[in-house]
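The values are calculated or read from the model by the stated rules, or taken from the named source; none is laboratory data. This structure is a prediction, so every number in the text was calculated from the model and none was measured. Glycine gets a Cβ as well: all are built from the backbone with ideal geometry, and neighbour counts include every protein chain shown.
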């Protein structure tokens, strides 16, 4: 844990403008939302179309130089996935052509990407549709993506990503990967330029006129339906021969479900606008 | 249900290039993935930054002109959310300035957006990290967003969106919204230009060398951990007076959980590359 709670700098593109009382710039909170998401959405612009490209990828925050770094430290985002080198190159060329030479030289290397992840923690049902909401925790990171080419860093990142899918899975499989496997697997590293998060917690809140309407209160149910992700029972493949399910996996399923359910309930009973649970 | 299974046209920006055996262009499948997602990620480019903006929003496919249209029909996407008019305007101006006058005139009206949604259906655990995967269903729509200004269409869209959060909720709340509520709520309508989806189902699959390694088979557990979203027990707000939980809500929670759990299990036992369940 860093000595103080670090925050991302507010950039024009990263500042939360709607409901800014729900905003957070805390590295700890933002990284925690990313790390507990099964998928993140990676968006970037591509030449010759006005539509950004968006790819779902598996992502995990980490530091290759300081592997023991905490969730709240300055970290990079490692993504398991592939962006064609054509797009990476075209994107750079476009920047170079448009920007004056000096600016291009000063600009960070890599494909500019926006990475988004969200957890829905509850359906917030109020007296009137207008006041309906979700309890949620969302995070967005802005940074520059480059393919990881260093063999040791790539191996380290693959272990980080694999263990994020199921804790301790890496050393319980056939490792290390072969040369061919390493070659045909792509890992992207995103150097983070800015980030922001948004969190809504608590019970519904209605306008005074509705909340004081006795007939309405007697007719409309209000409250929260908690929402969380559930891992079901591990189901063996047709060629599995290991029985029963190994302890590390059974424990992971149990622990993940407990954490997810508890988080949804905690977010429900937490006052609105207060900060989310960040510990694991 | 339309007479034939409609497909989105493959555009350069919408064609799936990696693992294209997992691709789908079926309106039915893509719309189903969007409609069962609690949130969609809406991305668009903004002036003066290389980073796309990505906003999580609640979205639902529908047709105001043909309200009885099926999931597999040509539909628009309605989004509950707000994009500043400054960005909408700047985006149009940028297009106008760059494109020749004729092209600008021919171009569709609205902010170009990319809308992405994903369901993770399972953790697919194989003998080696390289063959690990998720069972998932992901969808991307590309289209042009405009704010809904017609009062009747906006009211219809708000009902569609509210009932997607909890079936039948709209008429069980205080409706219709007041003039002030209508004014301060924004709905965007996206006219879809193209779309694609990607689906992975089934058990793990390993390379021959690993799958024939007796020692490895005896040591590494392989299979699928199903993943699905769970709605917890509806929890009354401090000012709720309706007890017990109304039937429509209790049924919705039960039905949604049953569908989510069954889908995860069905995707697990379905052969790889086969198409996802599309019925509700």
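Only residues that are facing chain A (nearest Cβ under 7 Å) and touching a residue at least 24 places away in the same chain (Cβ under 8 Å) were counted in region B:154-168, giving 3. Checking B:193, B:215 one by one, the residue that is under 30 Å from residue A:52 (Cβ atoms) and modelled with pLDDT of 95 or more is B:193 and no other. Checking each residue in region B:117-133 for being more than 7 Å from chain A (Cβ to nearest Cβ) and assigned to a strand (DSSP E or B) picks out B:117, B:119, B:121, B:122, B:124, B:133. For residue B:200, the conditions (1) under 30 Å from residue B:85 (Cβ atoms); (2) modelled with pLDDT of 95 or more are fulfilled apart from (1).
Of the set (1) crowded, with 21+ Cβ neighbours inside 10 Å; (2) touching a helix residue (DSSP H, G or I) at 6+ places or on another chain (Cβ under 6 Å), all apply to residue A:140 but (2). If the requirement is being more than 24 Å from the chain's Cα centre (by Cα) and closer than 30 Å to residue A:75 by Cβ, which of these qualifies: A:214, A:181? After applying the criteria, what remains is A:181. Name the residue that is modelled with the lowest pLDDT, counting only residues in region A:95-111 that are touching a strand residue (DSSP E or B) at 6+ places or on another chain (Cβ under 6 Å) and surrounded by fewer than 24 Cβ atoms within 10 Å (Cβ to Cβ). Among them, the one singled out is A:108.
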